[in-house]
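A.B. asks: I have a structure here, written as structure tokens, and I will follow up with some questions on it.
The values are calculated or read from the model by the stated rules, or taken from the named source; none is laboratory data. Note that the coordinates shown come from a computational prediction; the quantities given were computed from them, not determined experimentally. Backbone-built Cβ (ideal geometry, glycine too); neighbour counts: all protein chains shown.
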Amino acid sequence: MLNLYESVGWEGYTTDVDKLCRGLQNSHLVITARDGSGTLLGLARTVSDDEHICYVQDVVVNPAYHRQGVGRALVEHLMRRYSHCRFFLLSTDHESSPEGKRNHAFYRSLGFLSYEEKEMAGFGLPRNHPDLRDMAP
């Protein structure tokens, strides 16, 4: 798993392996895509109450396997698995970045709309927000 996250440069996940493992373990669902020899090609994971909301936390595909249907198969599996949920959401990079541009095209090809197009708004606190530090366990 660490090699997969490293292959896409997600340093926020790879700098603390124990935290990555806990995050995966605490996910509602983790699915993987592997080749015939068992090599890990991709992974997707969710955070969900399995009733009202499913949040797709990660869709990670080794760049050597991009544009081969791996990511599509992972997301379509999740879409079927959580089809009963009212909300099926995810976040990705802004469309102005090269990676964001590719991601937006990919998710749109699967039928996703931006929050704005769904007449929704998303909010998040900055990582270093003082209230988050004050609330740490």
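A.B. asks: Yes or no: Leu4 outside the structural domain of Tyr115 (by TED's automatic domain parsing), within 14 Å of the chain's Cα centre (by Cα), touching a residue at least 40 places away in the same chain (Cβ under 8 Å) and more than 30 Å from Lys118 (Cα to Cα)?
C.D. replies: Yes.
A.B. asks: Hey, can you tell me all the residues within the stretch 1-29 that are of a type in the set (A, V, I, L, M, F, W, C), closer than 24 Å to Arg81 by Cα and in contact with a Ser or Thr (Cβ under 8 Å, 6 or more places away or on another chain)?
C.D. replies: Correct list: Leu20, Leu29.
A.B. asks: Residue by residue through the stretch 117-137, note down the ones that are modelled with pLDDT under 90, surrounded by fewer than 10 Cβ atoms within 10 Å (Cβ to Cβ), closer than 29 Å to Phe88 by Cβ and among the aliphatic types (A, V, I, L, M).
C.D. replies: Leu125, Met135
A.B. asks: Which one of Gly69, Gly42 is among the small types (Gly, Ala, Ser) and either within 14 Å of Leu2 (Cα to Cα) or touching a Cys at 6+ places or on another chain (Cβ under 7 Å) (or both)?
C.D. replies: After ruling out the rest, the residue left standing is Gly42.
A.B. asks: Same structure again: As an exercise: evaluate Gly23 against (1) more than 13 Å from Leu78 (Cβ to Cβ); (2) part of a loop (DSSP other than H, G, I, E, B) and give the number of the one condition it does not meet.
C.D. replies: (2)
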